[in-house]
Amino acid sequence: MNWTAIKSIYFFEMARFFRTIAQSFISPVLSTSLYFVVFGAAIGSRIQEVEGVSYAAFIVPGLIMLSVITQAISNASFGIYFPKFIGTIFELLSAPVNFLEIVIGYVGAAATKALFIGVIILATAYLFVDFQIQHPFAMIGFLVLTCISFALMGFIIGIWAGSFEQLQLVPLLIITPLVFLGGSFYSISMLPPVWQVISHFNPVVYLISGFRWSFFGQADVSIGLSLFAISAFTALCLGVIWWIFKTGWRIRQ
């Protein structure tokens with residue numbers, strides 16, 4: 001394992017993140033505050049509790065997941081797309097670095113950035129509502145797994161994209177709707193029976209449900225199924241990336 005190459009890629013990506021540290025702080029804090037004002041105050045005043053938890057506290061895991069998923073995808077996709085766009089990807093491919101080391105460097109940096117944002121949002125949430133995390137280690141585990149898995153997905157999107165417009169296409173048209181329809185701001189048990197069945201085909205439901213369980217000890221689906229879903233998704237993304245580097249699809253073409 002070429003740890004020098006991994007560290008070089010990782011710290012280069014992290015340096016780009018810290019150059020815009022003010023934006024990285026202000027944007028998630030502002031957006032989270034607005035969500036709490038709109039959903040926590042306005043809607044929360046009409047929905048007192050959801051499954052025994054105050055509505056303002058209930059939406060905290062969903063807000064964190066919403067930001068973490070979008071940030072992980074955005075950072076990873078741009079991180080690998082930009083060297084492909086300017087042509088430096090060929091220098092990387094010709095260096096004595098294998099695909100796993102490249103993935104660890106880029107995906108590790110993107111996951112770290114997303115995790116950093118998640119922690120900021122969690123701290124911001126404490127300013128608006130009181131809540132307790134019943135299973136802190138499970139919460140950290142779910143958060144880290146989510147950051148890694150969606151950073152892997154973002155890496156795939158960055159390789160697939162042929163333009164900056166395509167870079168935003170999948171997150172805007174697929175990922176964001178799935179997150180909003182995945183129980184971020186409601187429990188799927190509140191839906192009509194038909195829509196409850198349909199919701200179980202949304203993979204994000206399992207992520208948010210497991211993450212919410214780590215906070216409040218209750219979930220829409222079993223914790224084991226949530227862990228299986230995120231593990232399977234991570235394995236699938238790794239398999240796709242392995243195939244991309246093996247065939248050179250969208251990299252050498």
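The rows are residues; the columns are (1) closer than 26 Å to Gly162 by Cα; (2) in a helix (DSSP H, G or I); (3) modelled with pLDDT of 90 or more.
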residue	(1), (2), (3)
Met14	yes, yes, yes
Arg46	no, no, no
Pro61	no, yes, yes
Met65	no, yes, yes
Val68	yes, yes, yes
Asn75	yes, yes, yes
Phe90	yes, yes, no
Leu93	yes, yes, no
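Could you tell me whether any residue of region 16-30 is on the phi > 0 side of the Ramachandran plot and not in a strand (DSSP E or B)?
No, the conditions are met nowhere in region 16-30.
Looking for whichever is over 13 Å from the mean Cα position of the chain (by Cα) and in contact (Cβ under 8 Å) with a residue 12 or more places away in the chain here; the options are Val170, Val144, Val107. Which one fits?
Unique residue meeting the criteria: Val170.
Quick check: anything in region 104-118 part of a helix (DSSP H, G or I), basic (Lys, Arg), touching a helix residue (DSSP H, G or I) at 6+ places or on another chain (Cβ under 8 Å) and surrounded by fewer than 20 Cβ atoms within 10 Å (Cβ to Cβ)?
Among the residues of region 104-118, not one is part of a helix (DSSP H, G or I), basic (Lys, Arg), touching a helix residue (DSSP H, G or I) at 6+ places or on another chain (Cβ under 8 Å) and surrounded by fewer than 20 Cβ atoms within 10 Å (Cβ to Cβ), which makes the answer no.
Where residues in region 174-212 are hydrophobic (A, V, I, L, M, F, W, C) and part of a loop (DSSP other than H, G, I, E, B), which of them is surrounded by the fewest Cβ atoms within 10 Å (Cβ to Cβ)? Show your work before the answer.
Taking region 174-212 and keeping what is hydrophobic (A, V, I, L, M, F, W, C), we get 174-175, 178-181, 185, 188, 190-191, 194-195, 197-198, 201, 204-205, 207-208, 211.
Remaining after also requiring part of a loop (DSSP other than H, G, I, E, B): 181, 185, 191, 201.
Details: Leu181: 17, Phe185: 19, Leu191: 16, Phe201: 7.
Filtering region 174-212 for residues that are hydrophobic (A, V, I, L, M, F, W, C) and part of a loop (DSSP other than H, G, I, E, B), the one surrounded by the fewest Cβ atoms within 10 Å (Cβ to Cβ) comes out as Phe201.
Scan (1) at pLDDT 90 or above; (2) out of contact with any Pro (no Cβ under 8 Å at 6 or more places or on another chain); (3) among the hydrophobic types (A, V, I, L, M, F, W, C); (4) closer than 20 Å to Phe39 by Cα for the single condition Trp243 breaks and write down its number.
(4)
Could you please give the count of residues in region 118-156 that are at pLDDT 90 or above and either in contact with a Lys or Arg (Cβ under 9 Å, 6 or more places away or on another chain) or not hydroxyl-bearing (Ser, Thr, Tyr) (or both)?
25
For region 156-165, state whether one or more residues are among the polar types (S, T, N, Q), loosely packed, with under 13 Cβ neighbours inside 10 Å and not in a helix (DSSP H, G or I).
Scanning region 156-165 turns up at least one residue that is among the polar types (S, T, N, Q), loosely packed, with under 13 Cβ neighbours inside 10 Å and not in a helix (DSSP H, G or I).
Inspect all residues belonging to region 121-132 and state whether any of them is without any contact (Cβ under 8 Å) to a residue 12 or more places away in the chain and in a helix (DSSP H, G or I).
Taking every residue of region 121-132 in turn, at least one turns out to be without any contact (Cβ under 8 Å) to a residue 12 or more places away in the chain and in a helix (DSSP H, G or I).
Hey, can you tell me all the residues within region 16-35 that are modelled with pLDDT under 80, over 20 Å from Ser77 (Cβ atoms) and not aromatic (Phe, Trp, Tyr)?
Those that are modelled with pLDDT under 80, over 20 Å from Ser77 (Cβ atoms) and not aromatic (Phe, Trp, Tyr): Ile21, Ala22, Ile26, Val29, Thr32, Ser33.
Go through region 218-233 and give me each residue that's surrounded by 17 or more Cβ atoms within 10 Å (Cβ to Cβ) and aromatic (Phe, Trp, Tyr).
Across region 218-233, the qualifying residue is only Phe233.
The values are calculated or read from the model by the stated rules, or taken from the named source; none is laboratory data. This structure is a prediction, so every number in the text was calculated from the model and none was measured. Virtual Cβ from ideal backbone geometry, glycine too; neighbours counted across all protein chains shown.
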